[in-house]
1. Limited to the stretch 1-45, what total is found for residues that are under 19 Å from Arg92 (Cβ atoms), of a type in the set (Lys, Arg) and over 17 Å from the mean Cα position of the chain (by Cα)?
2. Considering only residues of the stretch 75-96 that are part of a loop (DSSP other than H, G, I, E, B) and surrounded by fewer than 17 Cβ atoms within 10 Å (Cβ to Cβ), which is modelled with the lowest pLDDT?
3. Hey, does the stretch 9-27 have a residue that's at pLDDT 90 or above, crowded, with 16+ Cβ neighbours inside 10 Å, part of a helix (DSSP H, G or I) and of a type outside the set (D, E, K, R)?
4. Please go through the stretch 33-51 and pick out each residue that is in a loop (DSSP other than H, G, I, E, B) and either of a type in the set (Ser, Thr, Tyr) or at pLDDT 95 or above (or both).
5. Are any residues in the stretch 7-26 among the aliphatic types (A, V, I, L, M), touching an Asp or Glu at 6+ places or on another chain (Cβ under 7 Å) and without any contact (Cβ under 8 Å) to a residue 24 or more places away in the chain, and if so, which ones?
6. Can you tell which of Ser81, Ser85 is among the hydroxyl-bearing types (Ser, Thr, Tyr), more than 20 Å from Leu39 (Cα to Cα) and in contact with a strand residue (DSSP E or B) (Cβ under 7 Å, 6 or more places away or on another chain)?
7. Can you name the number of the only condition in (1) in contact (Cβ under 8 Å) with a residue 12 or more places away in the chain; (2) part of a strand (DSSP E or B) that Ile30 fails?
8. What number of residues within the stretch 64-81 satisfy the criterion of being among the hydroxyl-bearing types (Ser, Thr, Tyr) and without any contact (Cβ under 8 Å) to a residue 24 or more places away in the chain?
Amino acid sequence: MVEDDYFGNFVFQIGGKTISRDLLDSILEIYFLDRHLGLASAENHRTILDVGAGYGRLAHRLVSALSGAQRYLCTDAVAESTFISEYYLGFRGLDGRACAVPLDEIERPG
């Protein structure tokens with residue numbers, strides 16, 4: 001995974017690599033999910049629902065790190081977070097693999 005300083009992300013240069021707290025948090029969270037859900041295993045790819053997804057950082061990192069991840073749905077009870085998440089995921093160009101869904105629409109089929 002690579003890091004940038006977009007969206008006001010505070011970054012450090014360590015050993016010639018760009019690092020941020022967001023990147024480190026994402027790596028730890030992906031390792032945790034993989035350890036407990038086996039996300040890196042090809043046969044375990046499924047739709048992931050992230051309730052309280054904030055701006056979509058973990059969705060961006062996870063679908064970037066795991067090329068076979070099928071679908072990542074981000075939702076949040078705070079409408080502004082969902083709006084920002086939709087913009088952020090679109091900016092990151094995740095080709096529909098990760099998307100923001102308003103909380104009141106999460107149970108709709110499709």
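1. Adding up the residues that qualify gives 0.
2. Residues of the stretch 75-96 part of a loop (DSSP other than H, G, I, E, B): 76-78, 92-96.
If we keep only those that are surrounded by fewer than 17 Cβ atoms within 10 Å (Cβ to Cβ) too, we end up with 77-78, 93, 95-96.
Details: Ala77: 91, Val78: 92, Gly93: 92, Asp95: 75, Gly96: 83.
Taking the candidates together, the pick is Asp95.
3. yes
4. At the first step, the residues of the stretch 33-51 found to be in a loop (DSSP other than H, G, I, E, B) are 38-41, 45-46.
Selection gives Ser41 alone.
5. Of the residues in the stretch 7-26, the ones among the aliphatic types (A, V, I, L, M) are 11, 14, 19, 23-24.
Among the residues that remain, those that are also touching an Asp or Glu at 6+ places or on another chain (Cβ under 7 Å) are: 11, 19, 23.
Correct list: Val11, Ile19.
6. Details: Ser81 fails: in contact with a strand residue (DSSP E or B) (Cβ under 7 Å, 6 or more places away or on another chain).
Every option except Ser85 fails the conditions.
7. The one condition Ile30 does not meet is (2).
8. Keep residues of the stretch 64-81 that are among the hydroxyl-bearing types (Ser, Thr, Tyr), which gives 64, 67, 72, 75, 81.
With without any contact (Cβ under 8 Å) to a residue 24 or more places away in the chain added as a condition, the list becomes 67.
Here the count works out to 1.
The values are calculated or read from the model by the stated rules, or taken from the named source; none is laboratory data. Because the structure is predicted, anything quoted here is derived from the model rather than measured. Counting neighbours? That spans all protein chains shown, and the Cβs are built from the backbone with ideal geometry, glycine included.
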